[in-house]
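Read-outs throughout are calculated quantities, based only on the coordinates presented, and are distinct from any laboratory measurement. Here the structure is a predicted model, which means the values were calculated and not measured. Cβ coordinates were reconstructed from backbone atoms using ideal geometry, including for glycine residues, and neighbour counts include every protein chain displayed.
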Amino acid sequence: MLLGFVVLWSFWHAQIALRKRHKSIMKGVGFAAMMASIGNLIHMSVDFTLQQPANAIYFIVILAMGWMSR
């Protein structure tokens, strides 16, 4: 449940960046974070990728990019 909240929070920050940022690079970072998160979530629905530490860290970095884009 906590991971779901963090994912939604990251999506919210990325959406704010897409709407309100003037720099195209930050809009691109927000969009990339959203698409990478969605791709990872689709992949996690059929494979248990967060059991491997490298994939878990990669997912957290993607979520942090969504927060930083705002």
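For region 20-70, what are the residues that are crowded, with 17+ Cβ neighbours inside 10 Å, outside any loop (DSSP other than H, G, I, E, B) and charged (D, E, K, R)?
LYS27
Are any of the residues in region 1-19 basic (Lys, Arg), surrounded by 11 or more Cβ atoms within 10 Å (Cβ to Cβ) and out of contact with any strand residue (DSSP E or B) (no Cβ under 9 Å at 6 or more places or on another chain)? Break it down stepwise before answering.
Initial filter on region 1-19 (basic (Lys, Arg)): 19.
If we keep only those that are surrounded by 11 or more Cβ atoms within 10 Å (Cβ to Cβ) as well, we get none.
No: zero hits.
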